[in-house]
1. When you look at Leu236, is it touching a helix residue (DSSP H, G or I) at 6+ places or on another chain (Cβ under 7 Å), within 30 Å of Val26 (Cβ to Cβ), among the hydrophobic types (A, V, I, L, M, F, W, C) and at pLDDT 95 or above, yes or no?
2. For segment 146-154, indicate whether the set of residues that are under 30 Å from Asp333 (Cβ atoms) and either in a strand (DSSP E or B) or over 18 Å from the mean Cα position of the chain (by Cα) (or both) is non-empty.
3. Considering (1) touching a strand residue (DSSP E or B) at 6+ places or on another chain (Cβ under 9 Å); (2) modelled with pLDDT under 95, say which one Val129 fails and leave the rest.
4. Output the residue which, of all residues in segment 159-185 that are free of Cβ contacts under 8 Å to residues at least 60 places away in the same chain and in contact with a helix residue (DSSP H, G or I) (Cβ under 8 Å, 6 or more places away or on another chain), is nearest to Thr258 (Cα to Cα).
5. Thr225 fails exactly one of the following numbered conditions: (1) without any contact (Cβ under 8 Å) to a residue 60 or more places away in the chain; (2) under 30 Å from Pro309 (Cβ atoms); (3) crowded, with 24+ Cβ neighbours inside 10 Å. What is the number of that condition?
6. In this structure, is Glu398 more than 19 Å from Cys346 (Cα to Cα), over 26 Å from the mean Cα position of the chain (by Cα), open to solvent by 50 Å² or more (accessible area, probe 1.4 Å) and modelled with pLDDT of 95 or more?
7. Across segment 39-64, what is the total count of residues that are of a type outside the set (A, V, I, L, M) and surrounded by 22 or more Cβ atoms within 10 Å (Cβ to Cβ)?
8. Quick test of your reading of the structure: Pro468 fulfils all but one of (1) open to solvent by 20 Å² or more (accessible area, probe 1.4 Å); (2) farther than 29 Å from Leu266 by Cα; (3) not in a helix (DSSP H, G or I). Name the failing condition by number.
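The values are calculated or read from the model by the stated rules, or taken from the named source; none is laboratory data. Here the structure is a predicted model, which is why all the values come from computation and not from measurement. Methodologically, a virtual Cβ is constructed for each residue, glycine included, from the backbone with ideal geometry; neighbour enumeration extends over all protein chains shown. Ligands, DNA and RNA are excluded from the accessible area calculation, which covers all protein heavy atoms including side chains. Shrake-Rupley method; radii C 1.70, N 1.55, O 1.52, S 1.80 Å.
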Amino acid sequence: MPIVARPTTGPSLLGGSIQLPVAACVHALPPRRVDAWVGEDGTAGTVAVVGAGKMGLPLSAQFASHGWSVIAVDVNERVVASINEGRSHVDEEPGLAEMVARAHREGLLRATTDGADAARRADVVVLIVPVMLDDEQRPDYRYMDAAVASIAPGVHDGSLVVFETTLPVGDTRTRFTPRLEKATGLRVDHDFFVAFSPERLYSGAALRNLAMYPKLVGGVGPASTDRAARFYASVLDADVVAMSRAEAAEFSKLADTTYRDVNIALANEFAQYADRVGVDIQEVIAAANSQPYSHIHQPGIGVGGHCIPVYPHFLLSRAPELSLVDVSRRVNDGQVNVAVQALQKCLGGLDGVPVLVLGLTYRDGVKELAYSRALPLMQRLSFHGADVSAYDPLLTAEETEACCATHWQWGERAPFRAVVTQTADPRFGEIDWSWFPELEIVYDGRNTLRPASLPAHVSYVGVGVPDPRPAASREVAAPVR
């Protein structure tokens, strides 16, 4: 794939989200195997991928599919064992299981818990382990620090070390590179190479994204940038963008995710105003986004996941003067209270009220609870005295109970007076509302139940969305008690 200085992807002319085409593979496969890979076109060496989780395993499979020998490194022995049996432990990625099985069968993918040995055998080491937030909303480096320490004894003359985990600006150069230099006695950009290249993948579409999104690469020096760009050009089919320095690549990922957080916060504030003036925010957004320069996102009950709620804090940890970023975080986290207040207003309080929360994962289709807004939502409901039950099609009864909520069995009749959707799982559209004869309000936290045929006595409240039923069909009637 070409290495370019600027992305060739142009802006959408339709407004809203941008759907990029999938790049076709133009590599001559299989490449020529070399014992020491130095970036020569058409060659492949050995790469160690440290962190074989939901993003690390798709990366490993992608690299192997382009002829590289891959050593997946993980501290979880069950993950290592499954990979060494040719099985994918990640279920939500279409095509991944087949790629892992093929790479294992061809002898191009194996796994280990020994990071130093993997780095010693590898030409390239890619780190993709979590950096999350501590209790004070500052970066928590415990896993990355451990990962760097684990590979350092194996980094050797000619090694390329790439950080794909999102980091605060400057960490590649000032936090991790000195540790590698000290541990190895090698000079960066002369004896070995260090770069940052942000993972830009979406759970459930990781393999597709690898063939869509330009790969951003920035090194701690020009030689590091060149070596990293050549590596990614050998294993990816999308453009590789060689940026000026590591800090620019680090900032680009934070700018991307923070833009979305700020945009969603704006949509949430628009939704509150839409409620006040009695208009449909989705109609407003669709109309606004018909202008090419408008890309307003959708409002909702909050923002979850490993990325958007986390990375703005990476910026704020180094630049607390970014007031708009800080306000946006508070707006989005505050959407849970907006929902709770709507329920209180409709029901006259929540003390002793049975409430059903639909969707516990941070997003439908992804079995992951990281920063899910369901958790603080249920805490606030319980704080106000509600009797909270929950259901998520991705979780077992035991997993639901572990989230401090009573598990509701699909199809079971229950005396819920309120239902709140926290994810947009399509199954929620199949609910038979007669299961809940005492229901009084549905709070649609993702604005996906508008077509639902609710009983006349049940109030529908969306996020900036009015009840879609004609007023005549919403005559107040007492629920069955």
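1. Against the criterion (touching a helix residue (DSSP H, G or I) at 6+ places or on another chain (Cβ under 7 Å), within 30 Å of Val26 (Cβ to Cβ), among the hydrophobic types (A, V, I, L, M, F, W, C) and at pLDDT 95 or above), Leu236 qualifies.
2. Yes: one or more hits.
3. Val129 satisfies every listed condition except (2).
4. Kept after step one, since they are free of Cβ contacts under 8 Å to residues at least 60 places away in the same chain, are these residues of segment 159-185: 159, 161, 163, 174-185.
With the extra rule that they be in contact with a helix residue (DSSP H, G or I) (Cβ under 8 Å, 6 or more places away or on another chain), the set shrinks to 159, 161, 163, 176, 179-180, 183-184.
Values: Ser159: 32, Val161: 26, Phe163: 20, Phe176: 24, Arg179: 29, Leu180: 30, Ala183: 34, Thr184: 36 Å.
It comes out as Phe163.
5. (2)
6. So Glu398 does not fit the description; no.
7. Total meeting the criteria: 8.
8. Condition (2) is where Pro468 drops out.
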